Every structure is written in C-alpha cells, then in structure tokens.
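Every read-out reported here was derived from the displayed coordinates using simple, explicitly stated rules and does not represent laboratory data. These numbers were taken from a predicted model, which means no experiment stands behind them. Glycine also receives a Cβ, built like all others from the backbone with ideal geometry; neighbour counts cover every protein chain displayed.
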Amino acid sequence: MSDLREEHLTEDAAGGLYWQPAAETMPTAQLGELQMERLRATLRNAYDNIPFYRRKLDEAGVSPDGVSCHGDVADLPFTTKIDLRDHYPFGMFARPRDQIVRVHASSGTTGNPTTVGYTRADIDTWGDLIARTLAAGGVRPGDLLQNAYGYGLFTGGLGLHFGAEHLGCTVVPISGGNTERQLKIMRDFGATALACTPSYAMYLGDAARDRGLRPEDLPIRVGFHGAEPWTNELRLQIEAALGIEALDIYGLSEMGGPGVAFECLCKSGMHINEDHYMAEVIDPETLRPLPEGEVGELVFTTLSRQAQPLIRYRTRDLCSLTSEPCACGRTSARMSKPIGRSDDMLIIRGVNVFPSQIEEVLMSIPEIEPHYQIVVDRKGYLDIIEVWVEVGEDIFAETMGDLERFQRGVQAQIYNVLNIQVAVKLKEPKAIQRSEGKAVRVVDKRKAL
Amino acid sequence: MKVTQLTVFLENRSGRLAEVADLLGQEGINIRGFSTTEAAEYGIVRLIVAEPERARQVLHDGGFTTHISSVICVKVPDQPGGLAQVLDQLAEAGVSIDYLYSISFWNICFAVKDVDRAVELLKDRVTLLSDEEVRAL
C-alpha cells in the first residue's frame, strides 16, 4: 500500500490540491476492497487487545475474519460514548502504554471525559488526513496557517498543528481568543489560511470590520472551520467578511479528532476519508442502515487506528451520505453538513455539553430546587448558556452578597466540570415553566448559524 | 430588644413590588417600614410589618420566597448628630453594619429612569414633596 501513502501535491479539478492522490482518487471498487481488508484487521486488533470488544463480538457471534462484504457490517455491534466512559481512562486502548505517544480527551456525559490514545503511526496518519484537508483548500508549503483552534486536550488545536507541519506549510500556534492579537498577527505575518470554529471566524470578521479593515486588507485566502455545526448562510457571511473561501471540516475526538471528513473547493458536502473511516447512516430508532441519501445517524468504524479501534461508533450527528462523483475528482463518499443530533448534546463554542452534565452539578447542590432550565442563546456570533435556578427558601438569605456568592459558586462548579462559562440566573419560585410530562430542560434560542 | 424583619426575593420585573404591597394590603397587614436594594436582575425587599409571621405566610402562598431575621430598631434623636450618636457606639466596638434603612415616617424616596413621567402619573393621586418641603420636614 506504499503508493497510497505517497505524498505528492498535485492539482485537483476544483482549484485545490491532492495530498495523497492515489488514495484520494482510488476507484471505488478498489476502495471497497481496501475497506474490507482494513476492517478485518481492525476487528482482529479490537478482538485480540480490548476485552470489551472480545466480549461484544463473541456475544454477536461474529468472528473478526468472517466479515467478507459490506453487508456483514450490519451484524457488528455498536459502540457508544457511554462505552467509552465506562472504560475511562485507558480501558479502550488496544496498545500497551509504551506504544501510546499521546492522549487527548473530550467532555463526556458525566464528569469523566472520554479519552483518545494515539500510537506514533496514528499521529502520522492523522497528519496525512489533516494535510489532505488543508491541501483540498489549496494550502501548500509557503502558505502560513493561523491556527486559532484551542490547544490542549481538545483535538482541534494540535490536530491542525501537526497536520499543517506534515504538509509543510508554516503554522502559527496562536490558539483561540485575543482578537486584537489575532488581527495583528494575521496582517503582520501575512497569514494566508485560518483554522478556527465558524463562530470565531465570524467574530473575527466583525472585529476586523469594526476596526475599519476591509476584506482585501487581510491576506488570508482560505479558512477551515469545524467543531460546531454551521450553515451555508454563515459560510457566505464569513467569506464576505474575511474575503476567503470558507471550508467545513468534520471530526470528533472519538475518531481521533478533525480529519475524518473535509470539503473540497466545490463545497458540496464533506469528503470522508474512507480509506481510514467506514461511514454508515442508520435509523437511530431501529438501528437499521438507511439507503444512501436518507438522513439518519452517522456511524463510523475506524479502519487504520492502532491505539483505539472503534467499531460502529454512534456519533449522534444526523446527516446523509452521497457517493455521487464530485467535480474535484476525489472518489470518496461525501457527508452533508450535520443537521442536528439524535441526543440532546449541545455544542457550545466547539465544546460538547450535555444538559445532564449541568443537571448533575445542580443536583449535587442540596439547596437547589429540582426546577431549573438551561437557556442557550447567541450574542453576536458566540453561544452563551444561562442556567435558570429558582430561589427557594434554602438558598435565600437576607443580603445581596449571599445571593451573589451563591450565584458565583454554582457558576464555578459548572465551570470545573464542563470548562464552560455559564451565567446562573436567579428566579422566583414557579418562574420556570412547569410542563406536563417531560420537563423542558433546555431552551435553545439560537437560530441556525 | 430585637425586631422581626421579613425579607422577600424579587426578580426585577415591573409590578412585582406592587404585588407584595397589594397582597399585604388585602390581608390588612400594615407595612411599618421597608427598603429595597437597587434593582439589577433581581433584588430583595426588606419589610417591617405588623404581623411578620402571617405576612410571611401570605407572601409564601402568593409564590414569593421569604426569609425572617432579627434586626435592631433605634429611635434616632431628630437633631444634628443624632444618627452619629447611635453609630459611634457600634463603630468604637468594631461592629459593622450590613445595611441600614429608616422606618416609620411615611415619606419615601425612590428613583425611576423617567422622573418627569412618574411625577405626571402621581401628582393628582398622592402628595408629592418639593425640595423645600423635604428640608422643612
């Protein structure tokens, strides 16, 4: 397979570049065979090295080597975020610790994050997938990528960083925030590419305009924006504000981070790196695979990851797939922009938040009444969360200072668990609407970005 | 000698303070003194009333969160230095005061965003005081 790994920047048919042309334009029949071969290796790796998967596959009566066609995939067991949480921190790793060179983590459904491990080969593959992503937007050595994704446990910052170095462009690890410095560095260094969440891209665009900068004053040419859902309308706004081509990228930490799928300059769906990830769309109720084109829950199986193979991982993102040929020349299937979630997860400034996490914090505070509401809204382009709490007689003392201390205390506890700033709002008893049946815990006032 | 004070939690919505006054009025509970904190997202109103326990029940039933506490009421000599005389005693002993308000004389002072409009609304219904009249009290 050495030819598939060959790195050779060549022009695609959409004005961008291939990073690994042989892999990216592989005939679909050959791609299908490669997927089955890698799937069997993945199942073998999982079966031999992860007790959880040995049990699951035995229960399903599936032998790792017995999977011979795509139709057999439907017999394989699913993996969920809860499975990952249950094996926190390293119970889902298929390699001994002396082969794990990095661990990232994302927020989980409780206080425990879910962890992601990488071998050196996994990091190299990740670098290739990000290099493909950047190259598809026309980035090459000589370009300067301003990486405004957060660095740290979050996979966005370091993922883009290593991929950019792997491609050979210059990467500026500026991380998120500090808008003034972002705009200065962008102009002083001559950044030609930008990576950040779509909401932050729009925020930067507005900030530039407020300072009298026109799009042509900013050297950037292309932006890579993911980690939260966004619409084509926002794309047009970002493109106008910054004078760039704004491309969507898709990934999730459980799959290793960004680099799972990316847009080419045709901007008509995200190309899935199918030589490394097998995608399915299922009905989230019946769990049966859906025909191409229908909207359902996206499910991925890793095909090359050594440290942490995942079988039929339920992303909870709702989207559709198409295998129609793309004008850029890539042969991979494309996924639509996710249009929602099959669970109640909120994505707040790129951070995954489950209402149940907030509820757990609130319920651990004895004075808080069981009535609360989470209100999600957007100020400008940034998401904000308000947590409405009713002031019962257990909370209420007789000075404002006591109430403010209580408010700040709850905010701090939520921050400790979720790493997001929320605004706790104190409400009178019964101020939060009671509903018959299931309480309305989350009010999302955001219009689609 | 301590006095019972009733404290009520209020969200900053127009009409909420009036509802407290209405509820107590309907129950024939006389308000002898009160203060409010400056309105932000929420605030608290402190009341000295004739029957604090019954007032608390009335407000509780009306859906308000309340709190009962003990405070000290002092008759302040109506002369220059009168207030200082009271406070000096505490200051010398290192006792700090959390809050303080005056009660039982029925001239109240309050602030609204549009003072002129409030004056228009009230002038034919209540007795408004001028600068001079306040000084002469």
Among the residues of the range B:73-99, the number that are within 14 Å of chain A (Cβ to nearest Cβ) and closer than 30 Å to B:Q26 by Cβ is 1
Let me confirm something: among A:T133, A:T155, A:T114, A:T125, which residue is touching a Lys or Arg at 6+ places or on another chain (Cβ under 7 Å), touching a residue at least 40 places away in the same chain (Cβ under 8 Å) and either closer than 23 Å to A:A261 by Cβ or crowded, with 24+ Cβ neighbours inside 10 Å (or both)? A:T114
Single residue of A:Y372, A:Y381 found to be in contact with a Phe, Trp or Tyr (Cβ under 9 Å, 6 or more places away or on another chain), among the hydroxyl-bearing types (S, T, Y) and closer than 30 Å to A:D210 by Cβ: A:Y381
Pick out, from the range B:41-137, the helices (runs of 4 or more DSSP H) lying fully within it that include 2 or more residues that are in contact with a strand residue (DSSP E or B) (Cβ under 6 Å, 6 or more places away or on another chain). B:52-61
How many residues of the range B:28-40 are assigned to a loop (DSSP other than H, G, I, E, B), more than 14 Å from chain A (Cβ to nearest Cβ) and either touching a Gly at 6+ places or on another chain (Cβ under 9 Å) or buried (at least 16 other Cβ atoms within 10 Å of the Cβ) (or both)? The answer is 1
Can you find even one residue in the range A:160-169 that is small (G, A, S) and crowded, with 23+ Cβ neighbours inside 10 Å? yes
Within the bounds of the range B:41-56, is there any residue that is exposed (fewer than 15 other Cβ atoms within 10 Å of the Cβ), within 19 Å of B:V3 (Cα to Cα) and of a type outside the set (K, R)? yes
Identify, from the list B:L6, B:L23, B:L10, the residue that is within 24 Å of B:N107 (Cα to Cα), touching a Pro at 6+ places or on another chain (Cβ under 9 Å) and either surrounded by 13 or more Cβ atoms within 10 Å (Cβ to Cβ) or within 9 Å of chain A (Cβ to nearest Cβ) (or both). B:L6
Unmet requirement for A:G152, which otherwise passes all of (1) under 20 Å from A:H271 (Cβ atoms); (2) not acidic (D, E); (3) not in a helix (DSSP H, G or I): (1)
Here's a check for you: in the range A:382-409, which residue that is more than 14 Å from chain B (Cβ to nearest Cβ) and either small (G, A, S) or surrounded by 20 or more Cβ atoms within 10 Å (Cβ to Cβ) (or both) is farthest from B:T66 (Cα to Cα)? A:D383
Of the conditions (1) within 13 Å of chain B (Cβ to nearest Cβ); (2) in a loop (DSSP other than H, G, I, E, B); (3) among the β-branched types (V, I, T), A:I365 satisfies every one except a single condition; which number is it? (1)
I'm trying to understand the selection: among the residues of the range A:136-152, which are of a type in the set (G, A, S) and crowded, with 24+ Cβ neighbours inside 10 Å? A:A136, A:G137, A:A148
